[in-house]
Amino acid sequence: MMTNPTPQISATALQRAIPLWRWLMIIGHVISGVGILCFLFPFLNRQKKDQKIQQWCARLLAIFHLKLVVRGAERLTKTPYLMISNHISWIDIHVINSFKPIRFVAKSEVKSWPIFGWMATQLGTVFIRRDSTRQARLVVEQMAEVLKSESVCIFPEGTSTSGGSVLPFKHGLFEAALVAQTPVFPLAVQYFSTETGLRSEATAFIGEMGLLESMANILKSRHLQARLTVLEPFPYGSQEVPDRKHLANYCHEAISRIVDDPNM
């Protein structure tokens, strides 16, 4: 689930750091996204919607000079699945959608974000209040229903990190996969400098950082690579009957191995 941005950087500072035309490209791209959601989405089927989402997100990555590399894509099934990802930045969602459009679960604060919150709602994001156990149960039921026909992605760390390690996973929402009896795929998200080959924290969206500040950090780092690694799904065929803790531990260990050793 994503962190809530708070403005921490002035427009003047942003203009000094980043050329104005690059900000205008982002603004224009966001406006085009709003137009697509308002005027095209109501008339498109699911496949066409996914195509538009993928194209829009791929273009956003291009504007940020963020190259995408995907490993293990062949592991994914054609049937719906629950995808489990570590979480580094607000741009994770767009990176994943540029690879394969999917429904997301996000904390309720995201819904109040200007423009982006509205867009997330239109894209079918499932919102959850972190302090409400009752709502969490309702979200599990909602996710299980969605998983009958569409795949869903969650960020079970509950917050974003610098990307150097993986926080413990909250296991409540894993129950949806057991209810829906769908595959569970771990997904490792990483960001690297294409100049040095080392892990980059330019995309990290942490602490009190605001959304504009985070965008500026990414724009200033023109040589970035987003790497997605799809890992082996949870082995339901094992003798032990799984519960949500088993699913969470399996995914956490699988993702942590990749994050701890970027050369894997």
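Just a few scattered comments:
- GluC sites (Glu not before Pro) within region 167-264, DSSP loop, no more than 13 other Cβ atoms inside 10 Å: 195, 208, 240
- Residue-normalised accessible area of region 116-244, given per residue in Å² at a 1.4 Å probe: 47
- Mean separation of Cα contacts under 8 Å, 6 or more apart, over the residue count of region 84-215: relative contact order %: 33
- Rounded to the nearest 10 degrees, the angle from helix 211-220 to the longest Cα principal axis of the chain is 70 degrees.
- Gyration tensor (alpha-carbon) shape descriptor, region 14-58, a/c threshold 1.5: prolate
- Taking a point 7 Å from the Cα of residue 63 along the Cα-to-Cβ direction, the residues of region 31-48 with backbone N closer than 13 Å to it are 31-36.
- The accessible surface of the chain, taken with every protein chain in place and a 1.4 Å probe, is 55 percent carbon and sulfur.
- P(r) histogram, all alpha-carbon pairs of the chain included - 5 Å bins from 0, percent: 1, 6, 13, 17, 20, 18, 13, 7, 3, 1, 0, 0, 0
- Whole-Å distance, taken between Cα centres, linking region 211-239 and region 125-182: 18
- When the Cα positions of 53, 177, 236 are compared along the charge dipole of the chain, 53 comes out farthest toward the positive end, with charges on each C-beta of Lys, Arg, Asp and Glu.
- For residue 26, net neighbour charge (Lys/Arg +1, Asp/Glu -1) across residues whose Cβ lies under 15 Å away: +3
- Relative contact order of the chain, defined on C-alpha pairs under 8 angstrom at six or more residues apart (%): 29
- Heavy atoms of residue 236 accessible to a 1.4 Å probe, total area in Å² rounded to 10: 80
The values are calculated or read from the model by the stated rules, or taken from the named source; none is laboratory data. Computed from a predicted structure; not experimentally measured. Positions of Cβ are generated from backbone atoms using ideal geometry, with glycine treated the same way; all protein chains shown enter the neighbour counts. Keep in mind that these areas ignore ligands, DNA and RNA; they rest on the heavy atoms of the full protein, side chains included. Shrake-Rupley method; radii C 1.70, N 1.55, O 1.52, S 1.80 Å.
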